[in-house]
Amino acid sequence: MLLQSVVGRLRVARHRARAVLALCFCLAVPALAAPPSSSALPPAVVAALARAQLPQEALSVVVVEAEGGKAPRLAYQPALAMNPASVMKLVTTFAALDQLGPAYTWRTPFYLGGPVRAGVLQGPLYIQGQGDPRLVMERLWLALRRLQAQGVRTIAGDIVLDRSAFALAAHDPGRFDGEPLRPYNVSPDALLVNYKSLIMGFLPDAAAGLARIQYDPPLAGMALQASVPLAPEGTPCGDWHARLQGTLEDPGRMAFAGNYPLSCGERNWAVAPVDSAQFAARAIEGMWRELGGQLGGTVREGKVPAGLTPAMTVESPALSEVVRDINKYSNNVMAQQVFLTLGWQRTGVGSWDSARAVLDQWWRQRVGQQELPVVDNGAGLSRDSRITAQGLARMLQVAWASPVMPEFLASLPVLGVDGTLRRNRSRATGVAHLKTGTLRDASALAGFVHAASGRRYVLVAMVNHSQAAAARPALAALVEWAASDRAASDLAASDLAPR
């Protein structure tokens with residue numbers, strides 16, 4: 001782990017050095033060659049930064065026509081490599097659409113390790129994961145039903161899970177931010193079942209004085225508390241998670257010492273169990289037994305023997321649908337699955353190194369001389385990720401001209417309408433497709449703005465600062481300025497003051 005950390009720091013340092021050098025030749029890139037007048041921030045943005053007590057030097061911005069070939073409307077510190085947070089998902093998802101195609105699907109084959117006699121599989125069942133990001137409970141449940149429809153009611157041997165498509169080191173889910181139970185911190189997996197997340201549904205029953213708990217998927221080998229008492233009548237919903245006083249750190253059980261307010265109604269709580277490496281095994285066995293299936297052996301790790309033919313295959317939704325989920329809702333583990341799939345498809349090994357190598361090669365071919373991004377895990381859930389605003393803007397121009405542009409554009413949240421921007425209220429509501437990114441010290445926004453003039457702009461803005469969260473009004477003012485399609489000098493700070 002220490003060696004990996006040192007290598008990561010060296011990689012970031014190298015790219016920062018390249019970013020400094022990039023300042024010397026950024027004017028050589030025609031699509032983003034900024035004239036001196038384009039370097040002035042709009043007054044509304046300057047005012048919003050001042051109110052937030054953020055220095056202008058914490059911001060990097062490019063606003064340029066999507067079609068390319070023209071100088072930017074705005075280019076402020078465009079060659080400064082910055083942490084884009086979840087905006088990095090744009091790189092991963094466009095690279096995947098561009099290389100694999102929007103109709104690409106993942107396949108999860110099931111193999112029978114023996115004959116079936118009188119409803120009994122005389123041997124093991126093999127399930128081979130190949131990186132499907134959407135192998136959720138409902139699809140796996142249907143797959144097991146199909147297996148039973150083929151006559152398998154009892155598995156005399158083991159259920160063997162083949163996860164060899166991805167070669168990954170052990171993962172510490174609490175390493176990033178000390179929140180190991182949060183679903184966004186789960187590790188990718190060649191056999192990713194239900195995002196390694198357990199959904200606990202709390203269903204209050206006033207007459208019985210309790211709230212029943214439903215667990216999806218059912219997890220074999222875990223003690224799961226069936227209900228909790230209701231809180232005293234009139235208790236406000238408030239912080240109902242804390243009121244439950246859950247014991248969730250035990251890999252063998254889920255228990256609650258508190259109560260549940262009736263005023264909350266029905267609520268769901270998603271958690272990533274501590275023993276996430278065993279999640280697929282517990283979930284598959286739990287669902288198999290819940291369907292009435294019998295298992296003579298255990299669920300274990302292993303590989304599919306050579307020469308077997310799949311008895312059936314579960315196929316994922318198309319990549320275009322997966323990319324939509326990733327960008328609309330900023331799903332981290334799905335983005336990592338897609339990133340690792342690039343490495344697996346091109347090199348036969350789904351590892352971080354192979355994925356980065358494939359992405360670097362694609363970037364050089366498609367984006368050109370722009371500074372290579374430091375992609376890390378493909379999701380932006382990283383302190384080490386780096387990209388320049390001019391590099392990302394150029395990539396978005398390439399995406400705009402790409403045959404997969406409709407699928408890519410449709411995957412981005414629409415300002416004030418859906419996804420992570422559904423609750424955002426702005427004068428630019430409905431006219432911008434933007435991906436957001438937020439970390440403790442990074443706030444970013446990137447995508448496409450449809451301006452009042454009919455022009456289409458690429459917008460990339462990143463803030464790196466200990467108080468980056470306070471930059472949201474400045475980013476909102478920047479989007480409104482781009483949508484207004486007027487020069488920065490034409491707008492007073494009061495024109496676009498966030499409401």
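Quick notes on this structure:
- Computed over protein heavy atoms with a 1.4 Å probe, the accessible surface of the chain works out to 41 Å² per residue.
- The charge dipole of the chain, taken about its Cα centre with unit charges on the Cβ of Lys, Arg, Asp and Glu (plus for the first two, minus for the last two), comes to roughly 640 debye.
- Taking all protein chains together, ARG139, ARG324 sort by accessible area into ARG324, ARG139, largest first [probe 1.4 Å].
- Residue-level accessible surface for HIS465, protein heavy atoms, 1.4 Å, Å²: 50
- Extended-chain gain in nm, criterion 0.36 nm per residue less alpha-carbon gap, ARG456 and SER402: 17.9 nm
- FRET efficiency estimate (nearest 0.05) - Cβ-Cβ, ASP360 to ALA71, R0 30 angstrom: 0.60
- Length released on extending from ALA410 to SER263, taking residue separation times 0.36 nm less the Cα-Cα span: 49.2 nm
- Computed extension length for TYR329-TYR215: 38.7 nm, one decimal, from 0.36 nm per residue of separation with the Cα-Cα distance subtracted.
- In Å, descending, principal axis extents of the Cα set of the chain: 79, 63, 45
- 3J(HN,Hα) couplings calculated from phi for the range 199-213 with the Karplus curve 6.51 cos²θ - 1.76 cosθ + 1.60 (θ = phi - 60°) are, in sequence order, 9, 9, x, 9, 10, x, 10, 4, 5, 8, x, 8, 10, 6, 10 Hz; Gly and Pro show x.
- Cα-based shape type of the range 403-453, given that a ≥ b ≥ c are square roots of the gyration tensor eigenvalues and the cut on a/c is 1.5: oblate
- Inter-label distance, nm, simple model (7 Å from Cα along the C-beta direction), GLN369/ASP275: 5.7
- Per-residue [θ]222 nm for the chain (sum of -39500 (n - 2.57) over DSSP H runs n ≥ 4, rounded to 500): -9500 deg cm²/dmol
- Remark: accessible surface ordering of ASP189, ASP376 (largest first) is ASP376, ASP189, probe radius 1.4 Å.
- Whole-percent carbon and sulfur share, accessible surface of the range 292-416, 1.4 Å: 48
- Relative contact order of the range 117-164, pairs being alpha-carbon contacts under 8 Å that are 6 or more residues apart, as %: 70
- Amide H contacts of ARG153: VAL120, LEU121, each under 5 Å away and 5 or more positions distant or on a separate chain (H built 1.01 Å from N in the peptide plane; Pro and chain starts excluded).
- Residue-by-residue Karplus 3J(HN,Hα) for the range 167-172, coefficients 6.51, -1.76, 1.60, Hz, glycine and proline x: 10, 10, 6, 4, 10, 9
- About its Cα centre, the dipole of the range 133-232 is roughly 320 debye, where the only charges are +1 on Lys and Arg Cβ and -1 on Asp and Glu Cβ.
- Summarising the amide proton neighbourhood of PHE256: residues at separation of 5 or more, or on other chains, whose placed amide H is nearer than 5 Å comprise THR247.
- Between the range 340-393 and the range 64-97, the C-alpha centres lie 14 angstrom from each other.
- Amide H contacts for SER227 (H built 1.01 Å from N in the peptide plane; partners 5 or more residues away or on another chain; cut-off under 5 Å): ILE213.
- Annotation for ALA50 and THR429: the two label points, set 7 Å from Cα along the Cα-Cβ direction, are 2.9 nm apart.
- Relative contact order (%) - criterion: Cα under 8 Å, at least six apart; region: the chain: 23
- Spin-label pair GLN294/ARG146, simplified geometry with 7 Å Cα→Cβ offset, distance in nm: 2.6
- In the chain, a dipole from Cβ-located charges (positive for Lys and Arg, negative for Asp and Glu) runs towards its positive end, and of SER351, ALA399, ALA242 it is ALA399 whose Cα lies farthest in that direction.
- Since only ALA452, LEU421, VAL431 are under comparison, the one whose Cα sits farthest along the positive direction of the charge dipole of the range 394-492, derived from C-beta charges on Lys, Arg, Asp and Glu, is LEU421.
- Dipole magnitude (debye, nearest 20) for the range 276-378, charges at Cβ of Lys, Arg, Asp, Glu: 100
- Computed 3J(HN,Hα) for the range 417-434, one whole-Hz value per residue from the Karplus formula 6.51 cos²θ - 1.76 cosθ + 1.60 where θ = phi - 60°, is 10, 8, x, 6, 10, 4, 8, 7, 10, 7, 5, 9, 3, x, 10, 9, 9, 9, glycine and proline marked x.
The values are calculated or read from the model by the stated rules, or taken from the named source; none is laboratory data. Because the structure is a prediction, the values reported are computed rather than measured. We place every Cβ from the backbone using ideal geometry, glycine too, and count neighbours over all the protein chains shown. Heads up: the accessible areas ignore ligands, DNA and RNA and are worked out on the full protein's heavy atoms, side chains in. Shrake-Rupley method; radii C 1.70, N 1.55, O 1.52, S 1.80 Å.
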